[in-house]
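The values are calculated or read from the model by the stated rules, or taken from the named source; none is laboratory data. Treat the numbers as computed from the prediction; the structure is a model and nothing was measured. So basically every Cβ, Gly included, is an ideal-geometry build from the backbone, and we count neighbours across all protein chains shown. Accessible surface is based on the protein model in full, side chains and every heavy atom, while ligands, DNA and RNA are left aside. Shrake-Rupley method; radii C 1.70, N 1.55, O 1.52, S 1.80 Å.
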Amino acid sequence: MKIFVTGGTGYIGSHTVVELQREGFEVVIADNLCNSRAEALEGIRQITGVMPGFERLDLTDAGATRDFFARHGEVDAVIHFAALKAVGESVHKPLEYYSNNLNSLMNVLASMREFGVRHLVFSSSCTVYGQAERLPVTESTPRREAESPYGNTKMMSEDILRDFARVEGEMNVIALRYFNPIGAHPSSLIGELPTGVPNNLIPYLTQTAAGIRPELSVFGDDYDTPDGSAVRDYIDVVDLAKAHVVAIRRLLEGRNRQNFEFFNIGTGRGLSVLEIIRAFERATGVKVNFRVTPRRAGDIEKVWADTTLANHELGWKAVVPIEETLLNAWNWQKHLMQ
Ligand code: NAD
Ligand code: UD1
């Protein structure tokens, strides 16, 4: 079975390619390398013993996307990771975000329809829930108006997929709503590439532990949470990658109940920023210099997933303990500094 993975040299894409190849799938990646490096391919080869197919391609180019499908038209399914994902940047560059994230999706869908590729797994986000009134969030928790253009591209992408699936009866789509993906492959051969000053907690934390940043700011300790710091559902990137493999199998084996489905992909457990710092220190033996600072604008207080649907329907469950995930993130940080 041959899978076309857009954004496959990126953080989550590269880990997913590893899991797909381990399960015997043949993979062709398309990525324009705007937020990743071709070296990820070598990491994938070292882990799996197989070099995935790769084409440098900008999916906002409709002609180039069509050509790609014309050449690889026999692919069985697509996993569409390619997107710009920096929430803060999207506020300043809304057009770039709408244009990149929506046009790439629509080009992929148009080519899938033309070349008869019927199965798609799409990267969505828990950002579609915003601050939910009741926790944990289930798939029937109402979506909320997006806080950022990035978040809005995920809402709009889900809407595009729903409308597309409604009229294209042969098409089968699964959107996975990721909670907070963290960590790296245990081999330290692939992981998340830092670009500039990190916005996300874990890269900032590992860079602080490594002495690259003097101090981690804990954004707020006056939330309505057990220790006052904000709570998230941190999902190990390898667990997350495996969710894609089971979603692909569900589609290929025709086990989906509807032709547009979506699932929460998290651990089902919320951890606070202070709990994460303590777990990191426990796992690595390295102390983290931190200071509590005011809340970050736009942050929500707490969110975690109800993963019952993914557990039962996909037969998938997050299994990697948080300490192991944080140790892998730390080893990847050290690898980057070699
Ligand atoms: P990433 O930036 O590491 O990977 C995305 C890849 O897509 C990159 O390799 C980039 O070069 C490529 N890309 C972007 N635009 C492209 C285009 N027009 N043509 C071809 N390639 C293009 O990001 P990631 O963390 O691996 O995220 C993967 C997907 O998961 C994205 O859709 C993201 O929005 C979604 N997601 C990520 C998170 C997270 O915390 N990382 C959370 C929820 C959802
Ligand atoms: C953010 C995005 C979300 C996106 C996710 C992954 C927002 C509002 N949400 O989620 O849409 O899917 O990134 O890219 O931007 N924190 C600190 N100090 C730091 C950094 C973070 O205390 O230096 C805290 C934050 O306040 C938050 C938690 O750590 O409570 C996680 O933050 P982060 O990793 O940025 O992810 P989210 O904000 O949950």
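A few comments on the model shown:
- Members of region 307-325 that are closer than 26 Å to Glu147 by Cβ and open to solvent by 40 Å² or more (accessible area, probe 1.4 Å): Leu309
- Scanning region 121-139 for residues that are touching a residue at least 60 places away in the same chain (Cβ under 8 Å) and under 25 Å from Ala77 (Cα atoms) returns Val121, Ser123, Ser124, Cys126, Glu139.
- Residues in region 286-306 that are open to solvent by 70 Å² or more (accessible area, probe 1.4 Å) and either part of a loop (DSSP other than H, G, I, E, B) or at positive phi (or both): Lys287, Asn289, Pro294, Arg295, Arg296, Ala297.
- Per the listing Pro142, Pro186, Pro194, Pro181, the residue uniquely open to solvent by 10 Å² or more (accessible area, probe 1.4 Å) and near ligand 1 (Cβ under 10 Å from one of its atoms) is Pro181.
- Residue pairs whose Cβ atoms lie under 6 Å apart, separated by 6 or more positions or on different chains, with the first residue in region 141-167 and more than 18 Å from Ser99 (Cβ to Cβ) and the second at pLDDT 95 or above and part of a helix (DSSP H, G or I), are Thr141/Tyr129; Arg143/Val128; Phe164/Leu109.
- Qualifying residue in region 47-66 (condition: within 16 Å of ligand 2 (Cβ to nearest atom) and open to solvent by 10 Å² or more (accessible area, probe 1.4 Å)): no
- All conditions in (1) of a type outside the set (D, E, K, R); (2) under 24 Å from Pro194 (Cβ atoms); (3) surrounded by 15 or more Cβ atoms within 10 Å (Cβ to Cβ) hold for Leu105, with the sole exception of (2).
- Look at (1) more than 13 Å from ligand 2 (Cβ to nearest atom); (2) within 19 Å of the chain's Cα centre (by Cα) and you find that Asn200 fails only one, number (1).
- One residue stands out in region 9-22 among those that are of a type outside the set (A, V, I, L, M, F, W, C) and over 11 Å from the mean Cα position of the chain (by Cα): the one that is most open to solvent (accessible area, probe 1.4 Å), namely Arg22.
- Test: residue in region 90-101 that is near ligand 1 (Cβ under 8 Å from one of its atoms), under 20 Å from the mean Cα position of the chain (by Cα) and either more than 21 Å from Phe263 (Cα to Cα) or open to solvent by less than 30 Å² (accessible area, probe 1.4 Å) (or both): yes
- From Met106, Met156, Met112, residue being within 12 Å of ligand 1 (Cβ to nearest atom) and either under 25 Å from Ala297 (Cα atoms) or not small (Gly, Ala, Ser) (or both): Met106
- Residue check, Arg278 modelled with pLDDT of 95 or more, open to solvent by 30 Å² or more (accessible area, probe 1.4 Å), more than 22 Å from the chain's Cα centre (by Cα) and more than 16 Å from ligand 2 (Cβ to nearest atom): no
- So Tyr223, is it near ligand 2 (Cβ under 9 Å from one of its atoms), part of a helix (DSSP H, G or I) and open to solvent by 10 Å² or more (accessible area, probe 1.4 Å): no
- Qualifying residue in region 115-129 (condition: out of contact with any helix residue (DSSP H, G or I) (no Cβ under 9 Å at 6 or more places or on another chain), among the small types (Gly, Ala, Ser) and at pLDDT below 95): no
- Residue in region 184-197 that is touching a Phe, Trp or Tyr at 6+ places or on another chain (Cβ under 9 Å), β-branched (Val, Ile, Thr) and within 13 Å of ligand 2 (Cβ to nearest atom) present: yes
- Answer from Arg249, Arg269 - the residue that is open to solvent by 30 Å² or more (accessible area, probe 1.4 Å), part of a helix (DSSP H, G or I) and at negative phi: Arg249
- Near pairs, Cβ below 6 angstrom, 6+ apart or cross-chain, from region 65-86 (on the phi < 0 side of the Ramachandran plot) to any residue that is at pLDDT 95 or above and open to solvent by 40 Å² or more (accessible area, probe 1.4 Å): Phe69/Phe115; Gly73/Phe115; Asp76/Met1
- Qualifying positions in region 117-129 - under 17 Å from the mean Cα position of the chain (by Cα) and not in a strand (DSSP E or B): Cys126, Thr127, Val128, Tyr129
- Glu170 being on the phi < 0 side of the Ramachandran plot and either assigned to a helix (DSSP H, G or I) or within 16 Å of ligand 2 (Cβ to nearest atom) (or both): no
- Residue list for region 146-194, restricted to those being more than 14 Å from the chain's Cα centre (by Cα) and aromatic (Phe, Trp, Tyr): Phe164
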